[in-house]
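Q: Can you read through this structure? Questions will come right after.
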Amino acid sequence: MSDDYRQHGLTFPSSFLFGSATASYQIEGAASEDGRGPSIWDTFSRKPGAVLHGHTGDVACDHYHRLDDDLDLMQSLGLEAYRFSIAWPRIQADGTGPANPKGVAFYNRLVDGLLARGIKPIATLYHWDLPQALEDQGGWTARDTALRFGDYAHHMGEALGDRVAVWTTLNEPWCSAYLGYGAGVHAPGVTDRLATLRAVHHLNLAHGLGIQALRASVTRPDVQYSATLNPQVARGVDDTADEAIRRIDALGNRAFTGPMLRGEYPADLLADTAAITDWSFVLPGDLEQIHQPLDVLGVNYYSTMRVRLWDGVGERQSADGHGASRGTAWPGAAEEIEFLPTDGPYTDMGWNIDPAAFEDLLVGLSSEYGLPLMITENGAAFPDEADEDGRVRDADRIDYLRQHFTAVHRAMGRGADIVGYQVWSLMDNYEWAYGYTKRFGIVRVNYETLERTPKDSAHWYAQLIRERAIPA
Ligand code: PNW
């Protein structure tokens, strides 16, 4: 960025896209309406003990029935962009065959409603709600799921490809593979090392096939293609940490950026996992399929981990409380890593607040891959309550957002090419294994009345967007 840009203080360029993000299963509800088939989260959330209080997404924020009001809400906050995801089982109940017109109609209304209000649609094809019928045939451990994803992407390109501005194939494939098939704390709840690595590859393949299917069906000329990753950021605690961080980076980051952006699986990743697999599920030609040109890299960031190599004595620490990424999720050489409690302060997730790591991450990614970056998620859960007057005074969330917007601004000052920021989340919603107990929204949702109330942070964000500068 130029000196001219720096002189204006904490302002953002006119092209910078301020928005907010959600995901289908977390907000829509209407889980069996208009031909929607069951997803792996409908199944997983009903498994005893899988989700806090047995909460499900059956109703969620009832966004499916409150679409127009929610669109008005976005407009009232001045959002320039809205990142949503499409529920695959609304489009193909069992993951195959023609597109369900009622499912398509809902997303048509959403996209048209956004455009009518001057809000850019950023669509994610897969934010974790895999059709259960595909899981019954192996889910992401099965190659066929990636092929089915390509067909689904083609349907969506045909349906919305004249209007969606930014397409994202996958949200956080790290979570799908490592939390879904490794730690088993997300759907489908599998705990199997080989399954985890097969899932990594088939998610990558789905991304590549999805991009190609979109390119073949989309007609909007100024469209952009992307994937959203959640880079794993580890800080070291002693002189064994560099090796621990390298293993985390191989499995957590380069397992995706390698094939997607460089066309190869890193040699150290293959070596670190050699005891589990020879990666023979990577077929000839797969890497060419996965390695597709992208316009933007989506980055989700919340917090960091603290690691060192385990000396093999006593019980290995895995810091499930105060470490953002489950210590039990990592296979292969990463099983010899200890995840130590991070330093506070923490959000209500027990995740530490570390905006300096965010700044460095963005500078590093930008120089490493040379792609424009979009912050597709950043935000915080806090146990906020409405006061007697109905106002939600979430000063802690404002503080978190201010620190992280400042980090983005500083990263841009250091040369990182960052094109936008989608706050997680527009409204309180279904926080996966935590059900409705964690509130990430800048808008409060009353889960009894489903009423929406913009929190102080929403007003703060609206001011930021209006002034294109971080409020003092
Ligand atoms: C992301 N972890 O999920 C998702 O993209 C959102 O759907 C979610 O609501 C948000 O972040 C907040 O959690 C994650 O345990 C869930 O490391 C869990 C982890 C990371 C990201």
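Q: Name the pairs whose Cβ atoms lie under 6 Å apart, with the first residue in region 20-32 and touching a residue at least 12 places away in the same chain (Cβ under 8 Å) and more than 25 Å from Leu401 (Cα to Cα), the second of a type in the set (Val, Ile, Thr) and in a loop (DSSP other than H, G, I, E, B), and 6 or more positions between them or separate chains?
A: Final answer for the pair search is Gly29/Val59.
Q: Are any residues in region 191-207 out of contact with any Gly (no Cβ under 6 Å at 6 or more places or on another chain) and either over 19 Å from Thr124 (Cβ atoms) or surrounded by fewer than 24 Cβ atoms within 10 Å (Cβ to Cβ) (or both), and if so, which ones? Talk me through it step by step, then tell me what you get.
A: Let us first name the residues in region 191-207 that are out of contact with any Gly (no Cβ under 6 Å at 6 or more places or on another chain), namely 192-195, 197-207.
Matches in region 191-207: Asp192, Arg193, Leu194, Ala195, Leu197, Arg198, His201.
Q: Looking at region 113-121, is at least one residue in a loop (DSSP other than H, G, I, E, B), more than 16 Å from the ligand (Cβ to nearest atom) and over 23 Å from the mean Cα position of the chain (by Cα)?
A: Just the residues of region 113-121 that are in a loop (DSSP other than H, G, I, E, B), to begin with: 117-119.
Right, trim to more than 16 Å from the ligand (Cβ to nearest atom) and you get 117-119.
Those left that are additionally over 23 Å from the mean Cα position of the chain (by Cα): 117-118.
Yes; the residues of region 113-121 include at least one that is in a loop (DSSP other than H, G, I, E, B), more than 16 Å from the ligand (Cβ to nearest atom) and over 23 Å from the mean Cα position of the chain (by Cα).
Q: Related question: Could you grab me the full set of residues in region 147-165 that are under 19 Å from the mean Cα position of the chain (by Cα), closer than 18 Å to Leu115 by Cβ and buried (at least 24 other Cβ atoms within 10 Å of the Cβ)?
A: Val164
One line per residue, one yes/no per condition, for (1) buried (at least 23 other Cβ atoms within 10 Å of the Cβ); (2) touching a Phe, Trp or Tyr at 6+ places or on another chain (Cβ under 7 Å); (3) not aromatic (Phe, Trp, Tyr):
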site: Leu371; (1), (2), (3): no, no, yes
site: Glu377; (1), (2), (3): yes, yes, yes
site: Glu385; (1), (2), (3): no, no, yes
site: Arg402; (1), (2), (3): no, no, yes
site: Val408; (1), (2), (3): yes, yes, yes
site: Glu431; (1), (2), (3): no, yes, yes
site: Phe440; (1), (2), (3): yes, yes, no
site: Leu450; (1), (2), (3): no, no, yes
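Q: Can you tell me how many residues within region 325-380 are assigned to a helix (DSSP H, G or I) and within 16 Å of the ligand (Cβ to nearest atom)?
A: Kept after step one, since they are assigned to a helix (DSSP H, G or I), are these residues of region 325-380: 327-329, 332-336, 355-369.
Then keep just the ones that are within 16 Å of the ligand (Cβ to nearest atom); that gives 327-329, 334, 357-358, 361.
Qualifying residue count for the region: 7.
Q: Could you tell me which numbered condition Leu179 fails, if it satisfies all but one of (1) more than 16 Å from the ligand (Cβ to nearest atom); (2) surrounded by fewer than 24 Cβ atoms within 10 Å (Cβ to Cβ); (3) under 29 Å from His55 (Cβ atoms); (4) touching a residue at least 60 places away in the same chain (Cβ under 8 Å)?
A: The failed condition is (1).
Q: Against the definition (within 30 Å of Thr406 (Cα to Cα), of a type outside the set (S, T, N, Q), away from the ligand (no atom under 16 Å from the Cβ) and not in a loop (DSSP other than H, G, I, E, B)), how does Asp68 come out, yes or no?
A: Answer is no for this residue.
Q: Turning to a different aspect of this structure: Only one residue in Ala50, Ala93 is farther than 24 Å from Ile122 by Cα, modelled with pLDDT of 95 or more and not basic (Lys, Arg). Which one?
A: Testing whether each residue is farther than 24 Å from Ile122 by Cα, modelled with pLDDT of 95 or more and not basic (Lys, Arg) leaves just Ala50.
Q: Which strands (runs of 3 or more DSSP E) does region 189-308 wholly contain that include 3 or more residues that are within 16 Å of the ligand (Cβ to nearest atom)? Working first, answer last.
A: Numbers: elements: 224-229, 234-236, 296-300.
Where strands (runs of 3 or more DSSP E) fall fully within region 189-308 and carry at least 3 residues being within 16 Å of the ligand (Cβ to nearest atom), they are 224-229, 296-300.
Q: Between a residue in region 426-445 that is on the phi > 0 side of the Ramachandran plot and within 12 Å of the ligand (Cβ to nearest atom) and any residue that is of a type outside the set (Asp, Glu) and not in a loop (DSSP other than H, G, I, E, B), which pairs come within a Cβ distance under 7 Å, given they are 6 or more apart or on different chains?
A: Hits for this filter: Gly435/Leu52; Gly435/His53.
The values are calculated or read from the model by the stated rules, or taken from the named source; none is laboratory data. Owing to the predicted nature of the structure, the values given are computational and were not obtained by experimental measurement. For neighbour counting, all protein chains shown are included, and Cβ atoms are generated from backbone atoms with ideal geometry for every residue, glycine included.
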